[in-house]
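The values are calculated or read from the model by the stated rules, or taken from the named source; none is laboratory data. This structure is a prediction, so every number in the text was calculated from the model and none was measured. Cβ placement follows ideal geometry from the backbone for every residue including glycine, while neighbour counts extend to all protein chains displayed. Accessible surface areas use protein heavy atoms only, side chains included; no ligands, DNA or RNA. Shrake-Rupley method; radii C 1.70, N 1.55, O 1.52, S 1.80 Å.
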Amino acid sequence: MTSATTTAGVSAKLHLQDVSKTFRVRHGDDIEAIKAVSFETPENEVCVLLGPSGCGKSTVLRMVAGLEEPTSGELMLDGHPIAGADRERGMVFQAYTSFDWLTVQANVEYGMRLNAVPKKERRERAAHFIELVGLTKFSQSYPKQLSGGMKQRVAIARTLANDPTILLMDEPFGALDAQTRWHMQELMMSIVEAANTTVLMVTHDIEEAIFLGDRIEFMSRHPGTVHEEIIPDFKRGKRITTKEDLIGLDGYGDLERHILKLMREQGGDDTDH
Amino acid sequence: MTVRSGSSVYRRRWFEFLTPLGQPWRLILGVSIWVIFFGIWEIAVLSGWVNPLLVPSPVDVLITLYELFAERGFLSDVGISIARILGSFAVACVIAIPLGILMGSFKAVEAFANPFVSAWRYLPAPAFIPILLMWFGTGEEPKLALLFLGVIFFLITLIMDHTAQVRTELIETAMTLGGNRSQILWTVVVPAVLPNVLIAMRQMLAIAWTYLVIAEIIASTTGIGAMMMRARRFLHTDDIMAGILTIGVLGLLFDVMFRWLYRVLFPYLDQGER
Ligand SMILES: Nc1ncnc2c1ncn2[C@@H]1O[C@H](COP(=O)(O)OP(=O)(O)OP(=O)(O)O)[C@@H](O)[C@H]1O
Ligand SMILES: [Mg+2]
């Protein structure tokens, strides 16, 4: 099978078809985390997985990363089936993942070292991405000396410097305070524009989803599946660099209300666990 | 009202929850308990409460210690004991560190080796002394073997547990950056677990001293323990106490050395220079 196409005729980078995942639990019933999830992410778009806690967002992302095997269904990247983890699908986690024993620069070079990128090119690329996330002054520091937001920027720079085909992020700003998170979202916006990357990210922050997402897959629980695909087309053609730009736009309020309503319907009774 | 640091506004009490103690006070208090201990001991001997033949005074013990080193060749006994410890401990580490890391990393290795290792952990090493003596006689081998058996299985288990606790996200990050298994083992698992390996070594070295003394007391003509057993025959309690003191000081020295090594090898873990 060759590259899939979306309805719009743009070639899809990532393509999920009827993906299901059932966790076998040793004691107790099996958990059907995901059921028949299908969606596509076109090249150079930011696709956001949004939904109430426990709807299976992380599970979908981990399957795309190749860290979890689907029970059934098809996951394709550039027309090739996904089979295991690979550098083409770099992932940024919510928990801090900096390697404590490496400096910021060595952390950012790490992926390239695994892939035998020549030293000179490694240095240059690392310097470029460290600059992009604004950590040039800290390139010789160790992660223990950095704040949470800075560690997350290291993780983003490390993944981008490794030149993935698609960038995966699981609530990358979830552990940060409101102001840092807001800075990081704007930083992400500028990076995505500059680097032209395809991104699949998980969040349960509605504002973040609308701000960063070119399309939003809203997921529901019981079963965990894509409930609605939302394309915030009120943003189309507008240049948005700050949160204020976004909130000022016509249509923002309506969309936020719509998603809030979905959230309330889906997440109202938090009876499991 | 202004509150300056060091002002008397804030309550200061001797016993306070969650409040650290300054370095000078730690030192003063730490030294005082020894001063009190030796003081009571000295007084007990001087005032005749105890038989000085059975309990020599601390001053006598120190004098004896000096004589032991200066005139009676005790240094070679100490050297032999240290060599036994380091030799058998090094062999134990060479096996335990790679095996523990592999067991903590790969479930198949754990499933294979752990039933064996766990069983051995519950066999007290001194239980093997009779058979070791039969096999090896009274040479160096039974002592080294006892020390080895006494530490290796605990060391393997400690290192395995620490390795299994290396955070999943670190390994998964390396996987999504394109690392293969051996790369991840060498560049993530090993560096992540190394500080804890050193801590485990420090803990087990302390245990190794216990087995060393047992081995030397039971079947040896050389080493600190053997010197103490010889002294017992001639009622030289001061020699015995000097031996105990030597073991204590050596244990402390090794502990200090490991702490220093930890700081030197893993400076990035030091948050002090924020
Ligand atoms: N390894 C696992 N074993 C068993 N069940 C699992 C496992 N991972 C996830 N689940 C279950 O799958 C469901 C979806 O989990 P998932 O972590 O994907 O949700 P999520 O949408 O990311 O939630 P959150 O927003 O809280 O992160 C949950 O019911 C969870 O308990
Ligand atoms: Mg999640």
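With the requirement that a residue be of a type in the set (A, V, I, L, M, F, W, C) and touching a residue at least 12 places away in the same chain (Cβ under 8 Å), what does segment B:239-262 give you?
Within segment B:239-262, B:Ile240, B:Met241, B:Ala242, B:Ile244, B:Leu245, B:Ile247, B:Leu250, B:Phe254, B:Phe258, B:Leu261 qualify.
Looking at (1) open to solvent by 20 Å² or more (accessible area, probe 1.4 Å); (2) within 16 Å of ligand 1 (Cβ to nearest atom); (3) of a type in the set (Val, Ile, Thr), can you tell me which one A:Ile82 breaks?
Unmet for A:Ile82, out of (1) open to solvent by 20 Å² or more (accessible area, probe 1.4 Å); (2) within 16 Å of ligand 1 (Cβ to nearest atom); (3) of a type in the set (Val, Ile, Thr): (2).
How many residues are away from ligand 2 (no atom under 16 Å from the Cβ) and either away from chain B (no Cβ under 14 Å) or touching a Cys at 6+ places or on another chain (Cβ under 8 Å) (or both) if we restrict to segment A:60-71?
2
Can you go through A:Glu217, A:Glu229, A:Glu256 and tell me which one is within 16 Å of ligand 1 (Cβ to nearest atom) and either within 14 Å of A:Leu49 (Cβ to Cβ) or modelled with pLDDT of 90 or more (or both)?
From the options A:Glu217, A:Glu229, A:Glu256, the qualifying one is A:Glu217.
Return the residue satisfying two criteria in turn: it lies in segment B:207-237 and is under 13 Å from B:Arg84 (Cα atoms), modelled with pLDDT of 90 or more and not in a helix (DSSP H, G or I), and of such residues it is least open to solvent (accessible area, probe 1.4 Å).
B:Gly223
Kindly establish whether A:Lys238 is open to solvent by 90 Å² or more (accessible area, probe 1.4 Å) and either in contact (Cβ under 8 Å) with a residue 40 or more places away in the chain or not in a helix (DSSP H, G or I) (or both).
Yes.
Contact list please: Cβ distance under 9 Å, first residue in segment A:57-74 and assigned by TED's automatic domain parsing to the domain that holds A:Ser38, second residue assigned to a loop (DSSP other than H, G, I, E, B) and within 7 Å of ligand 1 (Cβ to nearest atom), pairs at least six apart or on different chains.
A:Lys57/A:Gly51; A:Lys57/A:Glu171; A:Lys57/A:His204; A:Lys57/A:Gly224; A:Ser58/A:Glu171; A:Thr59/A:Gly224; A:Val60/A:Gly224
Is it the case that segment B:238-251 has a residue that's open to solvent by 60 Å² or more (accessible area, probe 1.4 Å) and either closer than 21 Å to B:Ile156 by Cβ or within 14 Å of chain A (Cβ to nearest Cβ) (or both)?
No, segment B:238-251 contains no residue that is open to solvent by 60 Å² or more (accessible area, probe 1.4 Å) and either closer than 21 Å to B:Ile156 by Cβ or within 14 Å of chain A (Cβ to nearest Cβ) (or both).
Taking segment A:109-158 on its own, how many of its residues are within 13 Å of chain B (Cβ to nearest Cβ), in contact (Cβ under 8 Å) with a residue 40 or more places away in the chain and under 22 Å from the mean Cα position of the chain (by Cα)?
Number satisfying all stated conditions: 11.
List, please: which pairs have Cβ atoms under 6 Å, are six or more places apart or on different chains, and start with a residue in segment A:160-175 that is more than 19 Å from A:Leu132 (Cβ to Cβ) and more than 12 Å from chain B (Cβ to nearest Cβ) and end with one that is at pLDDT below 95 and buried (at least 23 other Cβ atoms within 10 Å of the Cβ)?
Filtered contacts from segment A:160-175: A:Glu171/A:Thr203.
Is it true that A:Glu74 is surrounded by fewer than 20 Cβ atoms within 10 Å (Cβ to Cβ) and away from chain B (no Cβ under 14 Å)?
Judged against the criteria, A:Glu74 is a match.
Given segment A:159-230, what strands (runs of 3 or more DSSP E) lie entirely inside it while holding 3 or more residues that are within 16 Å of ligand 2 (Cβ to nearest atom) and within 12 Å of the chain's Cα centre (by Cα)? Spell out the reasoning first.
Details: elements: A:166-170, A:198-203, A:215-220, A:225-230.
Correct list: A:166-170, A:198-203.
Checking A:Pro42 against (1) open to solvent by less than 20 Å² (accessible area, probe 1.4 Å); (2) away from every other protein chain (no Cβ under 12 Å); (3) out of contact with any strand residue (DSSP E or B) (no Cβ under 8 Å at 6 or more places or on another chain), only one condition comes out false. Which one?
The failed condition is (3).
Got a sec? Which helices (runs of 4 or more DSSP H) wholly within segment B:107-187 have at least 2 residues that are open to solvent by 70 Å² or more (accessible area, probe 1.4 Å), without any contact (Cβ under 8 Å) to a residue 40 or more places away in the chain and of a type in the set (A, V, I, L, M, F, W, C)?
Qualifying helices (runs of 4 or more DSSP H): B:107-121, B:129-136.
Does segment A:98-121 contain at least one residue that is crowded, with 21+ Cβ neighbours inside 10 Å, at pLDDT 95 or above and within 16 Å of ligand 2 (Cβ to nearest atom)?
Scanning segment A:98-121, I find no residue that is crowded, with 21+ Cβ neighbours inside 10 Å, at pLDDT 95 or above and within 16 Å of ligand 2 (Cβ to nearest atom), so the answer is no.
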